[in-house]
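Let me begin by presenting the structure, written as structure tokens, before commenting on it.
The values are calculated or read from the model by the stated rules, or taken from the named source; none is laboratory data. Not measured: the values here are computed from a predicted model. Cβ coordinates were reconstructed from backbone atoms using ideal geometry, including for glycine residues, and neighbour counts include every protein chain displayed. Ligands, DNA and RNA are excluded from the accessible area calculation, which covers all protein heavy atoms including side chains. Shrake-Rupley method; radii C 1.70, N 1.55, O 1.52, S 1.80 Å.
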Amino acid sequence: MTNPFFEKYNTPHDTAPFDKIKLEHFEPAFMEGIRRDNEELDNIINNPEEPTFENTIAIDYDDEKERYYSLLDNVSTVFFNLLSAETNDDMDELAEKMQPILTKHDNDISLNPKLFARIKYVYEHHRNLTEEEETLLNKTYDGFVRSGALLDEEGKEKLRKLTEEASMLSLQFSQNLLKENKAFTLHITDEKDLDGLPDTQKQAALEAAKERNMDGWVITLDGPSYGPFMQYATNRELRKQLYMARNTECTHDNDSNNLEICKRLVNLRREVAQLLGYDTYADYVLKKRMASNVQNVYSLLYDLIDAYKPTAIKERDELRAKAKKMEGDDFQMMPWDTAFYAHKLQLEKYNIDSEMLRPYLELSKVIKGVFGLANRLYGITFKENKDIPVYHPDVKAYEVFDKDGSYLAVFYADFHPRKGKQGGAWMTEYKGQCINGKGENIRPHVSVVMNLTKPTEDKPALLTLGEVETFLHEFGHSLHGMFANTRFESLSGTSVWWDFVELPSQFMENFSLEKEFLNTFAFHYETGEPMPDELIDRVIKSRNFNIAGACLRQVSFGLLDMAYYTKKTEFTDDIIPFEKEAWKDAIIGNQLPDTCMTVQFSHIMAGGYSAGYYSYKWAEVLDADAFAVFKKEGIFNPATAQRFRDCILSKGGTQHPMTLYKNFKGAEPTIDALLERNGIVKG
């Protein structure tokens, strides 16, 4: 049987041949890829010539050899992207089998003394290098050091065991969370229990039941189902049931419990950091971040608490007063009430409701609007190409063309929740950008994966404004990937310091509340009428509704993250009470004794944000500051957009992120624009 990973893909732009890839192709391709990697490693370390940048750090291969030696990267990219977006029990089983093998292989390379000796020699004796070459050399050398290359044999062996165990536990954490999420359904058989829900949500719940061959209606823990139920359902007991199901995931006495896994992951990462000479895992991580040290992270988080907490308390008190006005003075607000009464208060203050906007935010129109925004800013265009294979019918594949008409990238968009798909939203790549030895610019294949509202039998997919913001956010990441224009793939696109990577994504969210942008696509899906100006005005006026509470929520996650990863000694506390204590300075509402965020906090346990969750608020300072430049010069000013593209989006990680930012703005960012945007201070 032919294995598509072993052959030329013969697809448009050499895209992954999803229509030919089967489960049985992965393991042989993994094992052959490992063998080829080892062959390449032998070639490098046994090269009799003096180590140079060209024969050790950045080897230019011809097309045939490039494909030959990139096999493991190719199969790993496809497999692990699908593991998040379109998995099943067989893929999960294969992941459990391959994860330790792949981690051992990575360690075999990063801990190979002969390879590191050559890298170290080049690091100390290199020729004059370009800035990008020097960045790659430093990144390569530092990467090996940070992966244990300077440890003695006993230390290397210990590091191997720690990283292999952490790798397996991260995988298990994610699998447990997906299983718990998909296992729960709120099955409703009495239509009275749907009271308050808009027709759109009732229809979606009806179809969710049909998909499961069940009578009545089904509410799930997926965002497009869970969020509206918590916001609209008048049945308080069912809101409580749903809230507790969501917020106790992976705490139950079953095979999907993540409590001990989280505890062990925290300790494993601390042990790795201390083995490498750092006091804590946060110290290890922040060595390669804009924040640079623990104190700077805490300074940011507590500056935000000081700035936002007084307003957040006012918001909380106003919400409680609204609830008591509706329910009586004895009413005690609980977490499952927050979204419900916030919706009532928002209606009272601004006469605005996310359902009012849905008819104007039909997905196909939103897609055109987002693509149109990219065209207006950067001149790029998108054309769907149905000849590009996709891994699920929900996925659309587009060719992207630059303003001069040249091919720029492939863009995949995967919009809706389904059984084998993780929750949330993310951007990833199937191929990174680089310039090969012949000087050809190899263009990237980027993908955004989301869980947006699905179409129903009688309605197209109608989004909330929050879902439009999610689309813009991930699209911002994709622009970072699509505009990549560097020589080396490991420095291109989103390969930047972790607390800089959210700038392009969060920057794009700003456009969601710009009238001139909404007017390009927000038309009623039935009548074609544009979204009324007075409705847009109400949306804009309500933009900072409960903004301070939302800020503190993000800050609380950052505090929790830092509490785990600034531990200097073994973590032995019970997770749930530790969590309550860790983030209490940013909490202004009730804390329930049984709920737990940690066990479902993929970002810091399995998603690469360990000791880095503060990055979202760090980048929010940057994005507000950057958008203030656009507001001053014109939000659609092509010259400003070109400068943003040239200075930030196309540069990847070729320079220090603060250098890139100052090249764009001419100065370092300040917190002022964020405080002004959020209405905390007056402009």
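Observations
- Distant-in-sequence amide H partners of GLU362 (H built 1.01 Å from N, under 5 Å): LEU463, PHE523
- In order along the range 41-52, phi translates into HN-Hα couplings of 4, 4, 4, 6, 6, 9, 5, x, 6, 4, x, 9 Hz, rounded to whole numbers, per the Karplus curve 6.51 cos²θ - 1.76 cosθ + 1.60 with θ = phi - 60° and x for Gly and Pro.
- Here the dipole of the range 529-683 is about 520 debye; that uses its Cα centre as origin and unit charges on the Cβ of Lys and Arg (positive) and Asp and Glu (negative).
- Calculated from backbone phi, Karplus (6.51, -1.76, 1.60) coupling profile of the range 526-539 in Hz, x at Gly/Pro: 9, 8, x, 5, x, 4, x, 4, 5, 5, 4, 4, 5, 4
- Cβ crowding within 10 Å averaged over residues, with 479-489, 135-145, 504-514, 44-54 ranked highest first: 479-489, 504-514, 135-145, 44-54
- Sequence-distant residues sharing a close amide H with ALA484 (under 5 Å, placed H): GLY493
- In this structure the amide hydrogen of CYS434, modeled in the peptide plane, comes within under 5 Å of the amide hydrogens of ILE442, none closer than 5 places in sequence on its chain.
- Extension gain from HIS125 to ASP89, taking 0.36 nm per residue of separation minus the Cα-Cα distance: 7.9 nm
- When only the Cβ of Lys, Arg, Asp and Glu is charged (+1, +1, -1, -1), the dipole of the range 329-442 relative to its Cα centre reaches about 460 debye.
- The accessible area of ILE59, taken with all protein chains in place and a 1.4 Å probe, comes to roughly 50 Å².
- Pairwise centroid distance, computed over Cα atoms, of the range 451-482 with the range 507-523, Å: 13
- Placing unit charges on the Cβ atoms only, positive for Lys and Arg and negative for Asp and Glu, gives the chain a dipole magnitude near 1400 debye about its Cα centre.
- DSSP-loop trypsin sites (Lys or Arg not before Pro) across the range 345-414, with at most 14 other Cβ within 10 angstrom: LYS386, LYS403
- Rounded to 0.05, the FRET efficiency of the LYS8 and ASN213 pair, given R0 = 51 Å and the Cβ-Cβ distance, is 0.75.
- Local charge for THR456 was computed over the other residues whose Cβ lies under 13 Å away, with Lys and Arg +1 and Asp and Glu -1, and equals -1.
- Farthest towards the positive end of the charge dipole of the chain, among the residues PRO532, ILE119, SER650, is the Cα of PRO532, using unit charges on the Cβ of Lys, Arg, Asp and Glu.
- Helix-only CD estimate at 222 nm, as mean residue ellipticity for the chain, using -39500 (n - 2.57) per DSSP H run (n ≥ 4): -17000 deg cm²/dmol
- Accessible surface comparison of HIS392, HIS187, HIS105, HIS125, probe 1.4 Å, protein chains only, largest first: the order is HIS125, HIS187, HIS392, HIS105.
- Net charge of neighbours whose Cβ lies under 11 Å from the Cβ of LEU660, counting Lys and Arg as +1 and Asp and Glu as -1: +2
- Working note: Karplus 6.51/-1.76/1.60 with θ = phi - 60° gives the range 294-305 the couplings 4, 4, 5, 5, 5, 4, 4, 4, 7, 4, 5, 4 Hz, where Gly and Pro are set to x.
- Cut-off 13 Å (backbone N to label point 7 Å along Cα→Cβ of LEU259), residues of the range 554-575: 573-575
- GLU131 - accessible surface, heavy atoms, 1.4 Å probe, Å² rounded to 10: 110
- The chain - percent of accessible surface contributed by carbon and sulfur, probe 1.4 Å: 48
- Average accessible area per residue (Å²) across the chain - probe 1.4 Å, nucleic acids and ligands excluded: 43
- With all protein chains modelled, accessible area of ARG543 [1.4 Å, Å²]: 90
- Sum of side-chain charges, PHE371 neighbourhood, beta-carbon under 15 Å (Lys, Arg +1; Asp, Glu -1): +1
- Which of HIS445, GLY466, VAL501, positive extreme of dipole for the range 425-505 (C-beta unit charges): HIS445
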